[in-house]
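Below: one structure, written as structure tokens.
The values are calculated or read from the model by the stated rules, or taken from the named source; none is laboratory data. No experiment lies behind these values; they were computed from the predicted model shown. Glycine also receives a Cβ, built like all others from the backbone with ideal geometry; neighbour counts cover every protein chain displayed. The accessibility values were calculated without ligands, DNA or RNA, using every heavy atom of the protein model including side chains. Shrake-Rupley method; radii C 1.70, N 1.55, O 1.52, S 1.80 Å.
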Amino acid sequence: MNTSSFYQRCLAACAAEWELAATHPFVEGLAVGNLILPQIRHYLIQDGLYLQNYVKVCRTLAERVSTDADKKMFIDSALLSEEAELGIQEQLLGKLGLTWVAETPGSATQAYIRQESSAVRHPSLLVALAAATPCTVLYAEVGRRVDMRPETKSPEHPFRLWLDLYADAAVQEMATQWIECLNRYALETDVPEQVEALNAYVASMQCEIDFWEQAWQAR
């Protein structure tokens, strides 16, 4: 079996989920800038809760991989989430006149945290990687797509900070590195392990959809 494009197999396994996550009404609202304040506040706060755990996931992956280059990549990914993403959330809340309110993680947030926290401890490194990959690559893809749209070009766009972060070349390059790493580790696994990893990828993609939907429904 050709595993050099394992990532493409992941996308094929969740084709409908991938496209729904990339074009969800919440994403459309980000692009056109018409989300209402309760939606964007709920999203930013819940995403902050999620990212605190994702930082731990990335650092655990850094401990598990075998090469210094891969370790550095996952440490850098943790720093991106911890410094850039969480930092942008705080700035955007302030720009919109919103304040951080301590919230309990929503059901979708809790489910996604459980999904990745469980998978990152899986005996198979490929399963751990596959479960954690959608977060990085989906946001990069959304950032790339949204950046191509004319309505996102205005410097007065209310979500300018968010749009600029995920369209940034560093985020795009980080996603490329995750994909390369996923493909490379797939080469070292057998078919049953690959199938389990595909299932983990699909499960995380569903979590992404549920996370968007949770924010979309906030009023």
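Of the residues Gly87, Leu129, Met205, the one whose Cα sits farthest toward the positive end of the charge dipole of the chain, with +1 on the Cβ of Lys and Arg and -1 on the Cβ of Asp and Glu, is Gly87. To the nearest ten degrees, helix 191-216 and the longest principal axis of the Cα atoms of the chain are 10 degrees apart.
Could you tell me the center-to-center distance, by alpha carbons, between the stretch 96-160 and the stretch 57-89 in angstrom? Rounded to whole Å, the Cα centres lie 14 Å apart.
Return the FRET efficiency for the residue pair Leu79, Glu180: r is the Cβ-Cβ distance, R0 is 30 Å, and the value is rounded to the nearest 0.05.
Given R0 = 30 Å and the Cβ-Cβ separation, E is 0.95.
Projecting the Cα atoms of Ala186, Thr67, Trp216 onto the charge dipole of the chain (Cβ charges, centred on the Cα centre) puts Trp216 farthest toward the positive pole. Under the simplified labelling scheme, the Thr104-Glu63 pair shows an inter-label distance of 3.0 nm, with each label point 7 Å from Cα along Cα→Cβ. Measuring with a 1.4 angstrom probe and ignoring ligands and nucleic acids, Ile179 comes out at about 40 Å² accessible. The lysines whose alpha-carbon is closer than 24 Å to the alpha-carbon of Lys72, local same-chain residues fewer than 8 away aside, are Lys56. For the chain, the ratio of Cα radius of gyration to the globular rule of thumb 2.2 N^0.38 Å stands at 0.99.
The slack between Gln91 and Ile36, meaning 0.36 nm per residue of separation minus the straight C-alpha distance, is 18.1 nm. The lysines within cross-link reach of Lys153, meaning a Cα-to-Cα straight distance under 19 Å and a gap of 8 or more places when in the same chain, are Lys95.
Leaving out ligands and nucleic acids, and using a 1.4 Å probe, what accessible area per residue does the chain come to in Å²?
Ligands and nucleic acids excluded, the figure is 44 Å² per residue.
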